[in-house]
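Take a look at the structure below.
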Amino acid sequence: MPISLPTPELIARGASLLQAGQLVGFPTETVYGLGANALDPQAIALLYRTKGRPLHNPLIVHIPSLEEVASIALLSAREESRLELLEPFIPGPLTVVLKRREQVPPAVSAGKETIAVRAPSHHVAQQLLRAAALPIAAPSANRSSYVSPTTAQHVYDEFGNEIPLILDGGPCQVGIESTVLAIHEEEPLLLRPGIVTIEQLESKLGEPVRRASFSPQTPSSPGQLLHHYAPHTPVAFLDTIDTSTLPPRTALLAFAPPPPELLTLPFREICTLSAHGDFEHVARCLFGALRELDKKQLDLIVVERCNEAGVGLAIMDRLVRASATTVRQDGRYTRTTKRA
Ligand code: TXA
Ligand code: MG
């Protein structure tokens, strides 16, 4: 079993594995990552193969702190001053997209001229980065297009013994992937909403942040293709289904204890994410709950909508993706084929 508590010896083992071109599963405060040496094109190729990730979808490079950004990305004076303003989130659950330095292999960012950089704050990620003394390229440690992992066990469920080491840092505190913000553009552009909200970014930067088009036809970020984050079980929003003909094994995934009128519907199971509808708590539990429900041979998972303010934007983003390939055919809910 490659899951291990992060003792100093195992952190050192993780560092040696990374230096030797191997992959290591490790915790961050957002979700678990599958790490590889960002400066080793062969390790990057192994990472894409193992995850089954399309080669056009670039990776995030992880570094210990703001100081190392300049070793990965080219910084103009404007970008430097934006980074300074974003310092409260670095290290933290914010990824910035900048111009890539030539020394960073193009394969890391799928041949793009830009590069995504993040300093995770989780103490195990910090220790691993410092012990390896390398930038670590890491996507979320799930097979491409499935739900991101928020525990070491989730990573093991996906990859088993295919990766030599998974460092167990406990359940992730944030629970959804980092906010991705492009700051090399004229106007900062939000590519993926997360726990660091657009409102917080605008307030720190003192300028407007544009929201990228999340349309599947013209994604601004390759990872924003709509078929991401989906469990195998069909997922649909409550307001899009006919509740008088619920399939027999339907679960309700609720943000808060459901109102009485919902309790009269014949749900096989109701999973409540937060006792008081606290959206940070909802974010923390969302992926774990989707994974648990996905094991139960259900016909359908019904989800609610929330207001797209604050963290609500990120939660809706993940749920829209989770439900995007669900279709109703002959009275049954199924998924259209998920494209890579
Ligand atoms: O919280 C996280 O960000 C986690 C942990 C492990 O750090 N990582 C993660 O990585 O979610 P991944 O590969 O699953 O998602 C990276 C996202 C994708 O949507 C990708 O398209 C986008 O970042 N991205 C990466 N590089 C980019 C670039 N140069 N330009 C635009 N988008 C980029
Ligand atoms: Mg991912």
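Points to keep in mind about this one:
- Built amide H within the under 5 Å cut-off of ILE270, gap 5+: LEU252
- Residue-by-residue Karplus 3J(HN,Hα) for segment 248-263, coefficients 6.51, -1.76, 1.60, Hz, glycine and proline x: x, 10, 10, 10, 9, 9, 10, 6, 9, x, x, x, x, 5, 6, 5
- Charge dipole (debye, nearest 20) of segment 44-117; +1 at Cβ of Lys and Arg, -1 at Cβ of Asp and Glu: 480
- Centre-to-centre separation between the Cα atoms of segment 122-188 and those of segment 1-71: 8 Å.
- Nonlocal amide H pairs with THR114, under 5 Å, H built at 1.01 Å: ARG100
- Taking every DSSP helix (H) stretch of at least 4 residues in the chain, weighting each as -39,500 (n - 2.57) and dividing the sum by the residue count yields a mean residue ellipticity at 222 nm of -8000 deg cm²/dmol.
- Annotation: amide H of LEU165 within the under-5 Å range of GLY25, sequence separation 5 or more or interchain, hydrogens built in the peptide plane.
- Segment 235-335, accessible surface, carbon-and-sulfur percent (1.4 angstrom probe): 51
- Segment 129-221 - percent of accessible surface contributed by carbon and sulfur, probe 1.4 Å: 48
- Tensor-based shape of segment 94-249 (alpha-carbon gyration tensor, a/c under 1.5 rounded, otherwise prolate or oblate): oblate
- Look at the Cα gyration tensor of segment 273-331: its axes a ≥ b ≥ c give a/c of at least 1.5 with a/b at or below b/c, and that counts as oblate.
- Counting only protein heavy atoms and using a 1.4 Å probe, the accessible area of LYS295 comes to about 120 Å².
- Rule-of-thumb Rg ratio for the chain [Cα; 2.2 N^0.38 Å; N residues]: 0.99
- For the chain, lysine pairs with C-alpha atoms less than 22 angstrom apart, excluding pairs fewer than eight positions apart on the same chain, total 7.
- Estimated translational diffusion coefficient (Stokes-Einstein, Kirkwood radius over Cα pairs, 4 °C, 1.567 mPa s) of segment 235-335: 94 µm² per second.
- Solvent-accessible area of ASP239 with every protein chain in place, 1.4 Å probe, in Å² to the nearest 10: 100
- Taking every DSSP beta bridge that has both ends in segment 3-211, the antiparallel portion is near 60%.
- For segment 3-211, the per residue solvent-accessible surface stands at 37 Å², with DNA, RNA and ligands left out and a 1.4 Å probe.
The values are calculated or read from the model by the stated rules, or taken from the named source; none is laboratory data. Nothing here was measured: the structure is a model prediction, and the numbers come from that model. Methodologically, a virtual Cβ is constructed for each residue, glycine included, from the backbone with ideal geometry; neighbour enumeration extends over all protein chains shown. For accessibility, only protein heavy atoms count, side chains too; no ligands or nucleic acids. Shrake-Rupley method; radii C 1.70, N 1.55, O 1.52, S 1.80 Å.
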